[in-house]
Ligand SMILES: [Zn+2]
């Protein structure tokens, strides 16, 4: 294992199987998140036989309101994998009642993960950091990874106290909010992600096998050596996935 992509939508690339093969050849351990439970079986298939790709069962917060059955479809899938995501809260376009549904779904997911002994959970939050952190703070058996975090410094500090990790991507290295967050993450909480194919790097979609290409930008923002950042990310990931759950 050389690199970590803690949040990648492998299934949404043109050729997911080629992407997965590239994860193996570049030794990039990749959490292949999904946006709906109905997409999980396909991601499991993409990950089959791959040493460095794991399928995560998810339900994207922006899809929660339109898919009222999805939570009941998601919960049994969590029994089949150590990885859960993308789940979370997104208040940008949500009405108050949709926000409430999102919170209820996240609460049930986290509770289910805890009942199963803990999971590695990749969390999306937009304009909802305080509520999301409150909902995951008690999840002592799971490892919570805040993906593309954009909350306030106060919220970030609260997340650190709650034991969360942060997966950062190249888009964050280009914005002032992203840079502020990257600089504030403690050494033992830092992870990398691409959020491919949604994130662009130098005008092109970022692939999981390209993590090495943006490690220097993260290191620069943190004022650390690229090699040091690379090895702390590996160490943090190893620690995060060492939980009792199905491989
Ligand atoms: Zn995503």
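The table for this structure:
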{"item": "Subset of segment 75-93 that is surrounded by 15 or more Cβ atoms within 10 Å (Cβ to Cβ) and within 16 Å of the ligand (Cβ to nearest atom) - its residue that is farthest from residue 117 (Cα to Cα)", "result": "90"}
{"item": "Looking only at segment 136-159, and only at residues there that are within 16 Å of the chain's Cα centre (by Cα) and outside any loop (DSSP other than H, G, I, E, B), the one that is nearest to the ligand (Cβ to nearest atom)", "result": "147"}
{"item": "Segment 101-132 - residue that is more than 20 Å from residue 65 (Cα to Cα) and buried (at least 24 other Cβ atoms within 10 Å of the Cβ) and, of those, farthest from the chain's Cα centre (by Cα)", "result": "113"}
{"item": "Residue within segment 56-64 that is without any contact (Cβ under 8 Å) to a residue 40 or more places away in the chain and either over 29 Å from residue 130 (Cα atoms) or buried (at least 23 other Cβ atoms within 10 Å of the Cβ) (or both) present", "result": "yes"}
{"item": "Segment 52-66: number of residues that are in a loop (DSSP other than H, G, I, E, B) and within 10 Å of residue 105 (Cβ to Cβ)", "result": "2"}
{"item": "Filtered residue count, segment 1-43, keeping only those that are in a helix (DSSP H, G or I) and either within 13 Å of the ligand (Cβ to nearest atom) or in contact (Cβ under 8 Å) with a residue 12 or more places away in the chain (or both)", "result": "18"}
{"item": "Positions within segment 102-125 being in contact (Cβ under 8 Å) with a residue 40 or more places away in the chain and part of a helix (DSSP H, G or I), in sequence order", "result": "102, 105, 106, 109"}
{"item": "So residue 185, is it in contact with a strand residue (DSSP E or B) (Cβ under 9 Å, 6 or more places away or on another chain) and more than 23 Å from residue 85 (Cα to Cα)", "result": "no"}
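Listed here are the residues, each with its yes/no results for (1) at pLDDT 95 or above; (2) crowded, with 17+ Cβ neighbours inside 10 Å; (3) in a helix (DSSP H, G or I); (4) over 13 Å from the mean Cα position of the chain (by Cα).
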residue: 167; (1), (2), (3), (4): yes, yes, no, no
residue: 172; (1), (2), (3), (4): yes, yes, yes, yes
residue: 178; (1), (2), (3), (4): yes, yes, yes, yes
residue: 183; (1), (2), (3), (4): yes, no, yes, yes
residue: 191; (1), (2), (3), (4): yes, yes, no, no
residue: 196; (1), (2), (3), (4): no, yes, no, no
residue: 215; (1), (2), (3), (4): yes, yes, yes, yes
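The values are calculated or read from the model by the stated rules, or taken from the named source; none is laboratory data. Nothing here was measured: the structure is a model prediction, and the numbers come from that model. Positions of Cβ are backbone-derived with ideal geometry, glycine not excepted, and every protein chain shown enters the neighbour counts.
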